[in-house]
1. Ranked from highest to lowest mean number of other Cβ atoms within 10 Å per residue, what is the order of the peptides 237-250, 121-134?
2. Can you tell me the dipole magnitude for segment 209-264 around its Cα centre, using point charges on the Cβ only (Lys, Arg +1; Asp, Glu -1), in Debye to the nearest 20?
3. Go ahead and run the numbers for FRET between Gln451 and Ala371, Cβ-Cβ distance against an R0 of 22 Å, rounding to 0.05.
4. Kindly write out, for segment 449-461 in residue order, the coupling ³J(HN,Hα) from the Karplus curve 6.51 cos²θ - 1.76 cosθ + 1.60 (θ = phi - 60°), rounded to whole Hz, with x marking Gly and Pro.
5. What residue among Val85, Gly366, Gly280 has its Cα farthest toward the positive end of the dipole of the chain, where the charges are +1 on Lys, Arg and -1 on Asp, Glu, each on the Cβ?
6. Please find the FRET efficiency linking Asp37 to Met433, where r is the Cβ-Cβ separation and R0 is fixed at 45 Å, and quote it to the nearest 0.05.
7. For the pair Leu220 and Ala159, how long in nm is the line joining their label points, each one 7 Å along Cα→Cβ?
8. If you count, for each residue, the other Cβ atoms within 10 Å and average over each peptide, how do 31-43, 288-300 line up from highest to lowest?
Amino acid sequence: MRKSIYATIAIHLSKNLNRKGVGRFLAQIKESIAGTDQDFTVGSLGRAIMLLSIPMVLEMLMESIFAIIDIFFVAKLGADAVATVGLTESIITIVYAIGIGLSTATTALVARRIGEKNTGAASNVAGQAIITALTVSLLIGIPGALLAPQLLKLMGADATTIALYGGYTRWMLGGNMVIMLLFTINAAFRSAGDAAISMRVLAIANLINIVLDPILIFGLGPIPALGIEGAAIATNIGRGIAVVYQLRLLLGGRARIKVHLQEFIPRFRLIAQLVKLSLGGIGQTLIATASWIGLVRIISLYGNSALAGYTVAIRLIIFVLLPSVGISNAAATLVGQSLGAGDAERAEKATYATAAVNMTMLGLAGLLLIAFPSAFIRLFTSDPDVLLFGSACLRIVSYGFVVYGLGMVMVSAINGAGDTTTPTWINLLSYWMIEIPLAYFLAVVLGWHEQGVFYSIPIAEAIMTIIALVIFRRGKWKERMV
């Protein structure tokens, strides 16, 4: 099976990359970025993967630039400020987990309805998903903003760090609504086949953040220097404007799905279905992100320099991995739409094809990071201790990039089929029962210190990938009804 998939990809590329086909190949790239009316349930699988993957990769690059830009400017405020960002990111991963979980549910339902050629039902799903996202964000934002200092203290921050930099955490938790809506609405666009729109939304948010970050952090003219809080405010403004743009496209009928005002009237049966599917997505993401919180807590035992080095390295790793998440999202869309159209074989082929692309891309990136870790960390800090810790983390975690690429696609495909429960159990086993205990054992019991934590990451990810591949090959996901 897999050999035939690779052959399909090779034939598609050879047809497009010969001298006569270069123009057509470039035209497809242009079409993928500008937007396409392609029906992804029929026709060339290679073309479908290209049209979906390119804008999704670019979208994830835009998301990763958010993290890189913020840490680039915040690093100039010192290791304590960077450590605060790391602690805050560990807390706000709960928001990301819920947003990703709701996005997973939205993707499964919208893609399936689009595959069935029922755009009205797909639009209805989008409207109910927005209502759900708004409600959850309010339940998180109000207490999160009020309890920000206590949450930082719980994560191991000292009193000085909380007093000087706690405002960053308050702004990020209080403004979580823009994160939740951005994730949910972009999932609706992506799963309907409008990946180019999702990409443009993130481009707008990024551009605004890049401009506002240095202005609000360091001040400009009459605008006072807000320090680390300026980074949070800039991020919220950029994402907020992007959400307004999303809503304009949904309500204005410029996308494949159009949400009418009456579709914002709560339909509790559909909301219940979204929540049920979301619980699996939220569960698997919370399990994974909670493991990162556990790792941060262990690393904090070795000081702010170790924590700052870890934070910088993980931001760089996220920068590399997020485009791969984009490719995985393409697999989820193709699986959902293909199952909706009653073509399980196409769904399986799409998964293996995107996995091949993902593994190749991440393998090359991993080699680069392993060979020159210090050069990349040095872009963000000149502190010798932070540089030392960050380089070690970047090199060790990069050892597992190839298996990360395969695992991402397998899990995403199962989610795209509407089975969000199985990946939850996979994550529970890999991260809570293996990664966290292993990190503690290597770091504290064996005395490897922070490097023990670093090594636990690729080991746990490799185990997760093996389990996901075995489950996918069994094929029970093909029978999932949503």
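Just so it is clear, none of the values below were taken in a lab; they were calculated from the coordinates. Just so we're clear, the structure is a prediction, and the values are computed from it rather than from any experiment. Every residue, glycine as well, gets a Cβ built from its backbone with ideal geometry; the counts of neighbours run over all protein chains shown.
1. Numbers: 237-250: 18.9, 121-134: 23.1.
Ranked from most to least packed, the peptides come out as 121-134, 237-250.
2. Details: 5 positive and 3 negative charges, 82 e Å.
So the dipole magnitude of segment 209-264 works out to roughly 400 debye.
3. Values: r = 19 Å, r/R0 = 0.85.
Taking R0 as 22 Å, the efficiency between Gln451 and Ala371 is 0.75.
4. Going residue by residue, I get 6, 4, 5, x, 5, 4, 5, 5, 5, x, 5, 5, 5 Hz, with x marking Gly and Pro.
5. Looking along the dipole axis, the top candidate is Gly280.
6. Working: r = 46 Å, r/R0 = 1.03.
Rounded to the nearest 0.05, the efficiency is 0.45.
7. Between Leu220 and Ala159, the simple spin-label model gives 3.8 nm.
8. Numbers: 31-43: 16.6, 288-300: 21.2.
The most tightly packed comes first, giving 288-300, 31-43.
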